[in-house]
Amino acid sequence: MSPEALLSGLTHVHTREEFAKKIASGRSLRVKLGFDPSAPDLHLGHALVLAKVRQFQEAGHLAVIIVGDYTARVGDPTGRSKTRPALEPEVIEQNAKTYTDQVFKIIDPKKTEVRRNGEWLAKLSCADLLRLNGQVNVARMLERDDFSKRHKEGIPISLAEFQYPVLQGYDSVAVKSDIELGGNDQLFNNLVGRDLQRQAGQEPQVVLVTALLTGTDGKQKMSKSLNNHIGITEPPTEIFGKVMSIPDETCALWRDLLGSFLGLPKESPVHPMESKKELAAAAVRRFHGESAATSARSDFEAKFSKKDLTTAEMDSFRPSSATLSVAKLIQETKALPSNSEARRLITQGGVKLDGAKLDDPQAEISLKSGQVLQVGKKTFLRITL
């Protein structure tokens, strides 16, 4: 793979001259990418940068994946308007165990070194940490947009948050990385790694960053904490349905960023709905295979396009009685967060039983096994008595 191909699709390269020099050396480069196990699953946003890691592997280089079991105790403050709540060590450990298997759905395990940064960060003495902090000044930290904004608005910034870029940067020293990949929100942290490597007598890493994948809300970056993500291990029908829920403009962006990784054709179908279905099927296919993609598409079309729900996959629901008021029925499903929201959806015609609207919350209805209850646009339940 040519050096130009390795740099394709990136939003920032620091620096191109250093990158060309490292490639020209002919040696296998150590390409670093880190994840904090703040949730149990990786998502499509992670897949975007992992796909770039895979390209480097195919060019003969070694992926060094850092599972941030120690930095997760601090929590990355990037993009945060307030301090992130600390995670319990047991939760971090449980999440970390899932990450190794998940990254190998995308990258080659034979060309990968997986490390946990607790290996070296847990061993730092107070003197070591003071020395590291002495290499990064407060003015440098306040160059970060999120820190600068919070400082100007009088929003507290903990000293622990200031440690995060220092600790992530020290990861690069510990593993002697040649290149660090990440989303463009990680640019500052990755540049700190260069500074610390230089002061440790190492050749500084080249920093390569990708665009951030917009989440399913079409507004903010894809994030587990914002609940707008699509996990790569989610069931096929969940992946397909979530992709279908994104705005049309987000679909165009995803096709542009993920198209090559998902094996999509360059030309998008003219109709936005078909374009989205093609994208959704490709996402399922990439992580679950062709059969699952075909089944997920058929299931979605049965529910939403053809309105034929007789064979569609869905969760079963057993009500407390065969005769209930509509309001009570919806309350028992726990599909909505409050009774007032349930009543509002009912009166607006958003609740259906076998396709017939139930728009009176107080109406008593008789239920039968096999009937399909629809709550809103996305929740379908098969009645079981």
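Given Cα positions, please report Rg to Rh for the stretch 319-383, the hydrodynamic radius being the Kirkwood one.
Numbers: Rg = 10.3 Å, Rh = 11.4 Å.
Ratio of gyration radius to Kirkwood radius: 0.90.
Most mobile of LYS224, LYS368, LYS276 per a Gaussian network model of the chain (Cα springs, under 10 Å)?
So, out of LYS224, LYS368, LYS276, the one fluctuating most is LYS368.
Would you work out the relative contact order for the chain, in percent, from Cα pairs under 8 angstrom that are 6 or more residues apart? Let's see the in-between values first.
Working: 611 pairs, mean separation 53.7, N = 385.
Averaging sequence separation for qualifying contacts and normalising by length gives 14 percent for the chain.
Would you mind checking the stretch 25-43 for residues with the amide N under 16 Å from a putative spin-label position 7 Å along Cα→C-beta of LEU62?
Only 26-33 pass the distance filter.
Given the -39500 (n - 2.57) contribution per DSSP H run of 4+ residues, what per-residue ellipticity at 222 nm results for the chain, rounded to the nearest 500 deg cm²/dmol? Mind dumping the intermediate values first?
Numbers: 16 runs with 166 residues, N = 385.
It lands at -13000 deg cm²/dmol.
What percentage of the solvent-accessible surface of the stretch 92-171, computed with a 1.4 Å probe over protein heavy atoms, is contributed by carbon and sulfur atoms?
Details: 2400 of 4360 Å².
After summing per-atom areas, the C and S share lands at 55 percent.
Would you mind telling me which residue in SER245, SER316, SER338 has the biggest mean-square fluctuation in a Gaussian network model of the chain, where springs connect alpha carbons within a distance under 10 angstrom?
Largest GNM mean-square fluctuation: SER338.
List the lysines whose Cα lies under 19 Å from the Cα of LYS176, skipping any in the same chain that are fewer than 8 positions away.
LYS21, LYS22, LYS32, LYS111, LYS123
Kindly give the semi-axes, whole Å and largest first, of the ellipsoid equivalent to the stretch 99-188, taking each as the square root of 5 times a Cα gyration tensor eigenvalue. Don't jump to the answer; show the numbers that get you there.
Working: eigenvalues 160, 66, 27 Å².
Semi-axes (√(5λ), whole Å): 28, 18, 12.
Out of residues 5 or more away from GLY183 or on other chains, whose amide H comes under 5 Å of its own, with H placed 1.01 Å from N in the peptide plane?
Here the answer is THR210, since their amide H atoms fall under 5 Å of that of GLY183.
Between ARG344 and GLU153, what is the label-to-label distance in nm when each label sits 7 Å out along the Cα-to-Cβ direction?
2.5
So if each residue of separation counts as 0.36 nm, and I subtract the Cα-Cα distance between GLU17 and PHE304, what length gain in nm does that give?
Numbers: separation 287, 0.36 × 287 = 103.32 nm, distance 5.22 nm.
Between GLU17 and PHE304, full extension yields an extra 98.1 nm.
How big is the equivalent ellipsoid of the chain along its three axes, where each semi-axis is √(5λ) from the Cα gyration tensor, reported in whole Å from largest to smallest? All intermediate terms of the calculation are to be shown ahead of the outcome.
Working: eigenvalues 408, 129, 62 Å².
Its equivalent ellipsoid spans semi-axes of 45, 25, 18 Å.
In bins 5 Å wide, starting from 0, what share of all Cα pairs of the stretch 187-326 does each bin hold, as a percent?
Computed distribution, short to long bins: 2, 9, 14, 16, 15, 11, 9, 8, 6, 4, 2, 2, 1, 1, 0, 0.
In the Gaussian network model of the chain, springs joining C-alpha atoms below 10 Å, which of VAL243, VAL270, VAL103 carries the largest mean-square fluctuation?
In the Gaussian network model the winner is VAL270.
The values are calculated or read from the model by the stated rules, or taken from the named source; none is laboratory data. Bear in mind that the values here come from a model prediction, so they are computed numbers and not experimental data. Every residue, glycine among them, receives a Cβ derived from its backbone with ideal geometry; neighbour counts consider all protein chains shown. Accessible surface areas use protein heavy atoms only, side chains included; no ligands, DNA or RNA. Shrake-Rupley method; radii C 1.70, N 1.55, O 1.52, S 1.80 Å.
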